[in-house]
Amino acid sequence: MTQFLLWAVRYRVLVILLTVLSVAIMVVPGFASPITVGLALDRAASMGLIAVGLTVLLAAGQIDLSGGAVFAVAGIVAVVLQPVIGIWPAAAVGTLAGLMAGAINGFVVVGLGVNSLVATLATLLAFRAIGHWITQSQPVSGIDIMVALAISQVHWGVLTLRAGLFLALILLLHVWLTRTVAGRNLLALGSSPEAARSSGLRPGRMIILAFIGAGVLAGGAGVLQSLAVNTGSPVFGSDMTIFALTAVVVGGTRLEGGRATALGTLGGVLTLATLTTGMEFSSVPAYVQEVVTGTILLTLIVLDRFARQQAAMT
């Protein structure tokens, strides 16, 4: 029984994804159709972009809780500036806002020595407040609905621009973590910061760059979301970080750092997208969806710890 449990924990992404997918196909009529698959992939993409940044940060032993707020602020900036400088320059500035947010997080964590959990909790509140201040707590609309239609256009039956970007970044992250010296150094940093420093690595610089990357991805995701719906709102992304973090942990990346898998993150994102899409199609209330997601996260953290304890005893 213990060996089976260890096997299930090791391949948990595949087990959970296949289980959720099988149940969804049986319960929801037409769930396996290209339209539904495309919808699930598109809705997963925004969360997935944030999850890519979180994967890198968790690998380094850090965490960022402000991704959802950065998502909202970047989207607001991209919409508010459209009448002034145009749609695409505004989108670039919105992404730049994400980069600046990531740099602020990195400075607070590395420069001021604040724990990343505490630091990004504080910046989460600050960035969300900035979004409410810019918009006066009201949604703002873009100037061209045709851009929204172009962003949401489906290619090859299932892929939108966001979904394609997410999948491409997952592939690049997988290659970077497994095939490059920089990726292995990041994992070494997460495993033992002191040992990494003794080996001549520069942990501070690596952590700052990881925060900047996470900020750019969260900001870019927010810009694409606001362009896709032609709206910016300070409440966008309110639960995005929690879902992205759940997807990353479900995929096998450790909260303690030192272990990360891009393909696992992909599996975790697809699992949550399948789960939430299936529950929405079955008219399951949003609060029940959050309970299910939280339960999955807690269960997998406990199982992962159990598996490591068992492995240490053998």
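The values are calculated or read from the model by the stated rules, or taken from the named source; none is laboratory data. If you're wondering where the values come from, they're calculated on a predicted model, not measured in any experiment. Methodologically, a virtual Cβ is constructed for each residue, glycine included, from the backbone with ideal geometry; neighbour enumeration extends over all protein chains shown.
Remarks
- Residue check, Leu39 under 30 Å from Thr135 (Cβ atoms) and at pLDDT below 80: yes
- Checked against (1) at pLDDT below 85; (2) over 22 Å from Ile87 (Cβ atoms), Ser152 meets all criteria but (2).
- Selection within the stretch 57-77 - at pLDDT 95 or above and among the β-branched types (Val, Ile, Thr): Val70, Val73, Ile76, Val77
- Single match in Gly237, Gly268, Gly232 (criterion: under 12 Å from the mean Cα position of the chain (by Cα) and closer than 30 Å to Asp144 by Cβ): Gly237
- Any hit, the stretch 242-258, residues being of a type in the set (A, V, I, L, M), outside any helix (DSSP H, G or I) and under 28 Å from Leu96 (Cα atoms): yes
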